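One structure below.
The values are calculated or read from the model by the stated rules, or taken from the named source; none is laboratory data. Treat the numbers as computed from the prediction; the structure is a model and nothing was measured. Here the Cβ is made from the backbone with ideal geometry for all residues, glycine too, and neighbour counts use every protein chain on show. These area figures cover heavy atoms from the full protein model, side chains too; ligands, DNA and RNA do not enter into them. Shrake-Rupley method; radii C 1.70, N 1.55, O 1.52, S 1.80 Å.
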Amino acid sequence: RKEVEQDPGPFNVPEGATVAFNCTYSNSASQSFFWYRQDCRKEPKLLMSVYSSGNEDGRFTAQLNRASQYISLLIRDSKLSDSATYLCVVIPFSGGYNKLIFGAGTRLAVHP
Amino acid sequence: NAGVTQTPKFQVLKTGQSMTLQCAQDMNHNSMYWYRQDPGMGLRLIYYSASEGTTDKGEVPNGYNVSRLNKREFSLRLESAAPSQTSVYFCASRTGGSYEQYFGPGTRLTVT
């Protein structure tokens, strides 16, 4: 079983739609969680951290469920510019910030 | 401020050839990383350097060597390239006390 699993998609949604992605992780001792965004043929960039209490950044909301070992990303009012691959990232208990574990990504395509 | 730069952007090698991928950052970051990204898989850590003068193996170090030349530069060497090393290679850096990694634009390597 992979340490971090994501539905690869693609999720095809119209502009203005709300879309949610989930990511599951296998190590219950995992410490920290993030969402990165990767545009086609570009480098990954940090989108947001995921806190236990949940956090929001504009149209983006991230949540963590430790009991079920998953994190989620909700995008409201989707824009064409949101089209990208969203990578779930977990920091395991050991290794600290030097050993990030990346999911394979969920692809989002927003159409007019 | 260029951030993280990588050279070359593209490379085609024949099996058995060697090459060095170059990475440099101008953000005065202590830690640097090399990842590979393959279709359907998350980014996987090859080697990292937590600080100038140190290097450590990541998840997939076999077939690679690294050199932390100075605080700015971290190179990845393939001594005898194999088709299984066909991938996109990303370099990243991080400052101490922060979890965010900044990625370079990547090198697309094909080994025939």
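Couple of notes before you dig in:
- Among the residues listed as A:Lys79, A:Lys42, the single one being basic (Lys, Arg), under 30 Å from B:Cys23 (Cα atoms) and surrounded by fewer than 14 Cβ atoms within 10 Å (Cβ to Cβ): A:Lys42
- Residue check for A:Phe33: of a type in the set (A, V, I, L, M, F, W, C) and buried (at least 21 other Cβ atoms within 10 Å of the Cβ): yes
- Considering segment B:40-59, the residues that are under 25 Å from A:Glu5 (Cβ atoms) and among the aliphatic types (A, V, I, L, M) include one that is most open to solvent (accessible area, probe 1.4 Å), namely B:Met41.
- Restricting segment A:82-101 to residues that are away from chain B (no Cβ under 12 Å) and over 15 Å from A:Trp35 (Cβ atoms), the residue that is surrounded by the most Cβ atoms within 10 Å (Cβ to Cβ): A:Ser83
- Filter pass, B:Thr107 being touching a residue at least 40 places away in the same chain (Cβ under 8 Å), within 14 Å of another protein chain (Cβ to nearest Cβ) and touching a His at 6+ places or on another chain (Cβ under 8 Å): no
- Out of A:Tyr51, A:Tyr36, sole residue that is within 14 Å of another protein chain (Cβ to nearest Cβ) and modelled with pLDDT of 95 or more: A:Tyr36
- Scanning segment B:60-70 for residues that are open to solvent by 60 Å² or more (accessible area, probe 1.4 Å), within 17 Å of B:Ser31 (Cα to Cα) and more than 11 Å from the chain's Cα centre (by Cα) gives a single hit, B:Leu69.
- Filter result (small (Gly, Ala, Ser), within 14 Å of another protein chain (Cβ to nearest Cβ) and in a loop (DSSP other than H, G, I, E, B)) within segment B:61-97: B:Gly96, B:Gly97
- Filtering segment A:62-84 to residues that are over 16 Å from A:Tyr51 (Cα atoms) and free of Cβ contacts under 8 Å to residues at least 60 places away in the same chain leaves A:Ile75, A:Arg76, A:Ser81, A:Asp82, A:Ser83, A:Ala84.
- Members of segment B:1-39 that are among the β-branched types (Val, Ile, Thr) and open to solvent by less than 20 Å² (accessible area, probe 1.4 Å): B:Val4
- Test: residue in segment A:75-94 that is among the acidic types (Asp, Glu) and over 14 Å from the mean Cα position of the chain (by Cα): yes
- Qualifying residues in segment A:1-30 (those that are open to solvent by less than 60 Å² (accessible area, probe 1.4 Å), in a strand (DSSP E or B) and within 14 Å of another protein chain (Cβ to nearest Cβ)) - the one nearest to B:Arg94 (Cα to Cα): A:Val4
- With respect to the conditions (1) modelled with pLDDT of 95 or more; (2) closer than 24 Å to A:Gln38 by Cα; (3) not hydrophobic (A, V, I, L, M, F, W, C), B:Glu59 lacks only one, and its number is (1).
- Each residue in segment A:102-112 was checked for being open to solvent by less than 10 Å² (accessible area, probe 1.4 Å) and either modelled with pLDDT under 95 or at the interface with chain B (Cβ under 10 Å from one of its Cβ atoms) (or both), and 2 of them qualify.
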